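Enquirer: Shown below is the structure under consideration.
The values are calculated or read from the model by the stated rules, or taken from the named source; none is laboratory data. No experiment lies behind these values; they were computed from the predicted model shown. With ideal geometry, Cβ positions are generated from the backbone for all residues, glycine too; neighbour counts draw on all protein chains shown. These area figures cover heavy atoms from the full protein model, side chains too; ligands, DNA and RNA do not enter into them. Shrake-Rupley method; radii C 1.70, N 1.55, O 1.52, S 1.80 Å.
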Amino acid sequence: MNNPGITEVLLSLILVAISIAISRFWKIEVEKDIAIGSIRSFIQLIAVGYALNFIFDLESIWLILATLVVMSLVGAQAAMNRVKKINSPYLLISFSIMFGSFFTIGLMAVLQIITFEARYIIPLGGMVIGNSMNAAALSINRITSDIHSNRHAVETALSLGKSWRTASLMYFRNAVTTGMIAILNNMKTVGLVALPGAMTGMILAGADPLDAVLLQIIVMYMILMAVAVTSVVVVELTVRQLFTPNHQLK
C-alpha cells in the first residue's frame, strides 16, 4: 500500500458518494448524517494529526498527561449523553474513566512494557479511554435499569434487614459484566473474525505480522484491565447514589 496523500483521500470520497447513493436509493434517509460525519471526521482527524505532531516534537510529560485528561473528559461527555435514569453523572463517569485508564497506563509504564513517550502513550491511551467510555455508559445504564425494574425485590431485601450492598449485589455483578462484555467477546474472536486496529495498523505500516500480534496481545490486555477497573468503579459509585446511608432505596 502506497503512503496515502491528499489525492488518495479525495479518491476515497467515492466510497462516501456510493454510501449516500445507497441511502437515497433505498430511502434510508441518512444522507445528511453520512455527509456531516464524513466532513467532521476529516476535519477532526486532520486537526489531531497536526496536534500530535506538535506534542510528539515537544515530548513533554505534562502535555502528554493533559492530552489524556482532555481525551477522558471528552469521552465522559459522550458517555454521559447515553446515560439515563441518573442525574448529573459527568463527574462520576469522568473519574471512573480516568481511574481505570490512568491506572492501567501507569502500571504498564512502571512494568516497562511501554515507555512513557507521546507516540506510545497517546495512541494506546486513546484505545483504553475509548473502551472505558463505552464500558462506563453500558454499566451505568444496566445498574440503574436493573435496580429500577427490580425495585420491589430490592426493597423487600432491605426490609428483611439486608444491607444495600447485599440487596444490590446481583445487579452490581450483572452491570459490571455488561460493561466488560464487548472486550470479552472481542478476546474470544480476535484474529478469527477480524484483525484488530493496532495489529492491522502495524501490518499496513510494514511490520512483521508476529510483532504486530504481540503488540495486539498487550493492547487487548490493557483494554481488558482498564474496562474491568472502570466498570467496577463506575457501578460502585452509581449504586452508592441509589441508596441512603440508612440502607433505603431512593
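Enquirer: Which of the residues that make up the range 74-93 are crowded, with 21+ Cβ neighbours inside 10 Å and in a helix (DSSP H, G or I)?
Expert: Passing the criteria: G75, A76, A79, L92, I93.
Enquirer: What pairs can you find where one residue is in the range 235-250 and at positive phi, the other is open to solvent by less than 100 Å² (accessible area, probe 1.4 Å) and part of a helix (DSSP H, G or I), and their Cβ atoms are less than 7 Å apart, with a gap of 6+ or different chains?
Expert: H247/L158; H247/W164
Enquirer: So in the range 109-122, with the set limited to residues that are in contact (Cβ under 8 Å) with a residue 40 or more places away in the chain and part of a helix (DSSP H, G or I), which one is most open to solvent (accessible area, probe 1.4 Å)?
Expert: Among them, the one singled out is R119.
Enquirer: Right, another one. With respect to I114, determine if the residue is farther than 15 Å from V227 by Cα and modelled with pLDDT under 95.
Expert: Numbers: farther than 15 Å from V227 by Cα: yes; modelled with pLDDT under 95: yes.
Yes: the conditions hold for I114.
Enquirer: If you don't mind, there's one more thing I want to ask. From G106, G100, G130, grab the single residue that is closer than 22 Å to Q216 by Cα, part of a helix (DSSP H, G or I) and free of Cβ contacts under 8 Å to residues at least 24 places away in the same chain.
Expert: G106
Enquirer: Given the options T156, T177, T144, name the one that is more than 30 Å from A109 (Cβ to Cβ), among the polar types (S, T, N, Q) and in contact with a Ser or Thr (Cβ under 9 Å, 6 or more places away or on another chain).
Expert: T144
Enquirer: Here's something else I'd like to know. Just to be sure, is I217 β-branched (V, I, T), surrounded by fewer than 18 Cβ atoms within 10 Å (Cβ to Cβ) and in a helix (DSSP H, G or I)?
Expert: So I217 fits the description; yes.
Enquirer: Something else: Do any residues in the range 172-183 that are aromatic (F, W, Y) have Cβ atoms under 8 Å from those of residues that are buried (at least 22 other Cβ atoms within 10 Å of the Cβ) and modelled with pLDDT of 95 or more, where the two are at least six apart or on different chains, and which pairs are they?
Expert: From residues that are aromatic (F, W, Y), the pairs are F172/I143; F172/V235.
Enquirer: Counting only residues that are in contact (Cβ under 8 Å) with a residue 24 or more places away in the chain and either surrounded by 16 or more Cβ atoms within 10 Å (Cβ to Cβ) or closer than 16 Å to T144 by Cβ (or both), how many does the range 188-214 have?
Expert: Residues meeting the conditions: 3.
Enquirer: Identify all residues within the range 81-102 that are over 24 Å from L58 (Cα atoms), among the hydrophobic types (A, V, I, L, M, F, W, C) and touching a helix residue (DSSP H, G or I) at 6+ places or on another chain (Cβ under 7 Å); write none if there are none. Walk me through it before giving the result.
Expert: Here is the first cut: in the range 81-102, the ones over 24 Å from L58 (Cα atoms) are 81-97, 99-100.
Remaining after also requiring among the hydrophobic types (A, V, I, L, M, F, W, C): 83, 86, 91-93, 95, 97, 99.
Hits for the range 81-102 are V83, I86, L92, I93, I97, F99.
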